[in-house]
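Reading through the structure tokens given below for one structure.
Quick note: the coordinates plus some simple rules give every number you see, no bench work behind them. Since the structure is predicted, the reported quantities are computational estimates derived from the model, not experimental observations. Here the Cβ is made from the backbone with ideal geometry for all residues, glycine too, and neighbour counts use every protein chain on show.
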Amino acid sequence: MNALGLLLPELILLVGALLVFLLDVAYDTDRESGASYGLVSGLFLVVAFLAAFFQMSLEPQQAFMMDIDAFAAFIKMTVFAGMALVALAGGRYMNRRTYNQGEFWTFFLIVSLAMSILAGANNLVLIYITIELLSITSYMLAAFFRDELRSAEAGMKYFLYGSVASAVMLYGLSFIYGAVGSLDLREVAGFFVQPDLTEELRVAMIPATLLALAGFAFKASLAPFYQWAPDTYEGSPTPVTTYLSTASKAAAFAVMARFFVVGLSALDVEWVPILAGLSILTMTMGNLAALRQNNVKRLLAYSSVAHAGYILMGLVAVAANAASGMDGLNGVLLYLFAYLFTNVGAFVSLMAVEETTGSVEMEAFQGLIHRAPWLAGMFTLFLLSLAGIPATGGFLGKFFVFGAAVQHQYYWLVAIALVNAGIAAFYYLRIIRTMYFGSQEDAGSRLELPLGMQATLLICTLATLWIGLYPPQVLDWVNTASQQILTAVLF
Amino acid sequence: MESIVLVVMLFWPLLAALVVLLFGGSDRAVKTSSILMSLVPLALSVYLLWGYDFEAGGIQFQVRAEWIPQINASFRLGVDGLSIPLVFLTALLSTLSLYYSAGVIRHRVKEYFFLFHLLEMSMLGVFVALDYVLFYIFWEISLVPMYFLIGIWGSDNRDYAAVKFFIYTLVGSVAMLLAILAIFFATGTFDILDAAAAQPFSQQLTIASLVFWGLFLGFAFKVPSFPFHTWLPDAHTEAPTAGSVILAGVLLKLGAYGLLRIMLPTLPHAAVFWAPWLVALGAIAIVYGAFVCVAQSDLKRLIAYSSVSHMGYVVLGIGAAAAVMTPEALADLANVFSLSPEALQDSAAMAINGATLQMFNHGIITGALFFLVGILYERAHTRDLFRFGGLSARTPYYYGLMMVAAFASLGLPGLAGFWAEFFTFRGAFAIVPAWAAFGTLGIIITAVYFLYRIIQNVFLGEYDPAKIEHWTTVDGQPAEGPTDVVGFEKLTLWPLVAAMLLIGIYPTPLVEYFNQSALELLNFVSTLS
């Protein structure tokens, strides 16, 4: 297969983005054609998903400073699935609120493209450039409703935090380049396993790692770089919030995993404690803040911060040769995959309520079971999955991540995560309570969902149950993906 | 062919739930189909009772299929002498609860019956699962429908009670999950029996203790063992009648079942080490729970606290047996008491039999008591003990039913409760005499609160019409005064009352099942090095 063929998913998205852009220029946009841009984007994402699925079975190889391996392919599948679902659900939502759909969906596809490259990037500069590409397009999408104060604020905050974070990250990466003399992650890895590596150099890498981490932590909304997340999530158009909290996070964790597990595998003594600390901080801060929210969108934003903390546990507990089938990295991937469907489902449920009531405050969910029983039922499933109740994908993700940590005997980390799971259940239950425990009289009128949202919700429900109840297939994927990374690692 | 029984029994309630959800038309149709469909698991559980082969013993009706090969988790079901009676209890109480609910639940009927079927499936699942992952999934799912049952159909303070129930048990369960993971990493399997056979951590008491307490937290919150019981009074009091029946009748047994099925065989060394704690917690629960009962003015809360006291017997019995879980501990203790190891092992078997009998009997007796409280509440709309009085003359049938249930609960010989207490104390006296003696105090106090609080306050004395403003019939029609139990209530209670009498007079058939599994457990641990 020639090198261009290896870029098939990216090329598909690029063509898609250009096509939507040209269509937008060529035709006068009215409301009707605007909706179809969403569908066209969704279609390109589905094709890209199939291309990524095909890449799962390829031999690991490299092209254009990118790894084309099962790990990258799996992340691409996750990301594209999420973006396609957002496109499916968000078409009508965007259509009602803006005239510039062509622009929106063009950038939407470019965001997907950036995440796709990020999934495989193995070169420090490419990592930096792609994060920038992802960030800049995301800033624009976050602020897409530019006449709305909230949306403008969301984009602005995101931009201010983001630009500082990437500058800091670039500084950190330059340290690594200075020490190693190469930008390639494998050469970086090879450099640090040298037996004659001086202690000074090892120590010097700690600030470099911390600085580089700032960029990743910002993208994955890890403490202490998560403060942008609640405001941005709340103010952005809900489809943007949805992908920021799911697909974008998956891409960020993918590049983090590659950076630390492949690039800095020899320095694990240095970075594992740092990540463990961040993990505790992130989940605790996220959960505590979520407890007090009355705006469901904001609540889910904080909860998504907390989930980043749980996922990080998997990276902390990465083990190269785990006989038990829980090597940490597969937990991260599984968690990301399950979390994607769950959280997309949760945000689309929110979008559905927002469409009809115009509000995302807790009160808008009062008595939802009487207004839209199926929506309430599915939203409940997503919330239970987020809370980690079994029979859902969310449980299996936690199971693998916690499992890896127990295997490493990080009992204190797991104990803190345990307390956090209890706190988290409390605020998820608050939403469920609001939906169900009211009386029938004060519920309000019935809710009608657009077809796209119905389809998205159904897909997310089925996927969540599928991962939770019969996961062998998904486990095969995540195991292949994590093994391809871990066998190459020089722990 | 045989193996299909458990699969059908387990997933039938799920089917029933889906039928209700998708095809449930009128409330009446939902109720009728729910009751009829719940007869299938009941019939199959009777088939299990009848079909269990005592000669062969062990786990029977096994099902084993590949499920998640990557982590060695399989879909493995099976029942033995311990689980069969509990499966029967679950199916029986579920059917009775559905039948009773059909008479009293009037709003959001479809949701109610949907959730109830889901609840039944999860409870059956815990009793038949022989794989940790499967076990844990069913264990946790049982939280969700119960949460909704309390939260939607409960009484005034339901919101608080539902959340408290959910969070408390969730925290316990997550601790259990970590213990399960630790066992998995030590043994490489999620199979409950294989893991027990592998004897993880038998040489490392510190880690074994951590795992032991992880498991114990999960089970103790469910049992609930003192001091983890604080969610129980709220949940039981606020839940709708049938919810309280299932909570007390079955959900509490899940915890005790876990202690016997998982904790004792898998971690016998840690069990021996911590047995004094279990015994103490059990004995304290018996006495403390009983004392708290005496102080209650709310009838339902009183019954709820009586569960804390009565489940204390279970923990006491299991704790006593835990003290001789290893051959060395058995020999040591036999030396101390100058008994033969065999005699001591007999006592351990009796303690286990007492605990398991108590699990079953408590399910029947307290189930009946909660039904009875519900019957009164439907009419009086209050549970305040001091606002009743003189009901014995007004509602003699109700009085009679309550007397049987109350006397069974306080352990009157000739009724079911007696045998459980007798076996428990007989077994525990030989192993932990001091705590057992302390525990017997509970029997006296139990008599006090049943006779003095309930019988005297509610049924004896003068009937004063001014104390309760608006009596209604069970259908919600205004009534002049208390009305006696009606047909569907009698039909709900009679199977339970009959079981109390039958087991009270002739407990042998039931004991045979439990004894089988108790002996198997003791044989299993006596072969350990």
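Numbers at a glance
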item: Relative contact order (percent, whole number), chain B, Cα cutoff 8 Å, 6+ residue spacing; result: 15
item: The protein assembly as shown, helix-only ellipticity at 222 nm - DSSP H runs n ≥ 4, -39,500 (n - 2.57), divided by all residues, nearest 500; result: -24500 deg cm²/dmol
item: Order of A:96, B:387 - criterion: other Cβ atoms within 10 Å of each residue's Cβ, fewest first; result: A:96, B:387
item: Bins of 5 Å from zero: percent of alpha-carbon pairs in the range B:290-529; result: 1, 7, 14, 16, 16, 13, 10, 8, 6, 4, 3, 2, 1, 0, 0
item: Relative intensity, log₁₀ I(q)/I(0), of the protein assembly as shown from a Debye sum that treats every alpha carbon as a point, q = 0.04, 0.06, 0.07, 0.10 Å⁻¹; result: -0.22, -0.48, -0.64, -1.15
item: Percent RCO, i.e. relative contact order, over the range B:290-529, from Cα pairs under 8 Å lying at least 6 residues apart; result: 30
item: Part-to-part distance (alpha-carbon centres) for the range B:511-529 and the range B:270-328, which is given in Å; result: 22
item: Cβ crowding within 10 Å averaged over residues, with A:301-308, B:42-49, A:62-69 ranked highest first; result: A:301-308, A:62-69, B:42-49
item: Quarter of Cα convex hull surface for the range A:288-372, i.e. mean projection, nm²; result: 6.8
item: Ascending count of other beta-carbon atoms within 10 Å, so fewest first, for B:449, A:177; result: A:177, B:449
item: Descending semi-axes in Å of chain A, equivalent ellipsoid built from Cα gyration tensor; result: 34, 26, 20
item: Diffusion constant of the range A:339-491 at 10 °C, which comes from Stokes-Einstein with the Kirkwood Cα-pair radius and 1.306 mPa s, µm²/s; result: 93
item: Averaged over A:379-390, number of beta-carbon atoms from partner chains that fall within 10 Å; result: 3
item: Test item: B:168-177 mean partner chain Cβ contacts at 10 Å; result: 5
item: Rough spin-label spacing in nm, given labels placed 7 Å along Cα→Cβ, for residue A:415 and residue A:167; result: 4.2
item: Projected label distance in nm at residue A:466 and residue B:472, using a 7 Å step from Cα toward the beta-carbon; result: 4.8
item: Where a label projected 7 Å from the Cα of residue B:204 along Cα→Cβ would reach, residues of the range A:401-427 with amide N under 20 Å; result: A:401-416
item: The range B:361-383 versus the range A:176-236: alpha-carbon centroid distance in Å; result: 63
item: Stokes-Einstein diffusion coefficient of the range B:318-413, Kirkwood radius over Cα pairs, 4 °C, 1.567 mPa s, in µm²/s; result: 78
item: Neighbour-count order for A:339, B:513, fewest beta carbons within 10 angstrom listed first; result: B:513, A:339
item: Whole-number D in µm² s⁻¹ for chain B, Kirkwood Cα-pair radius fed into Stokes-Einstein, 10 °C, 1.306 mPa s; result: 69
item: Too-long pairs where the Cα-Cα distance tops 21 Å, listed order kept, from A:157/A:219; A:297/B:164; B:300/B:467; result: A:297/B:164
item: For A:369-377, mean number of other protein chain Cβ atoms within 10 Å; result: 1
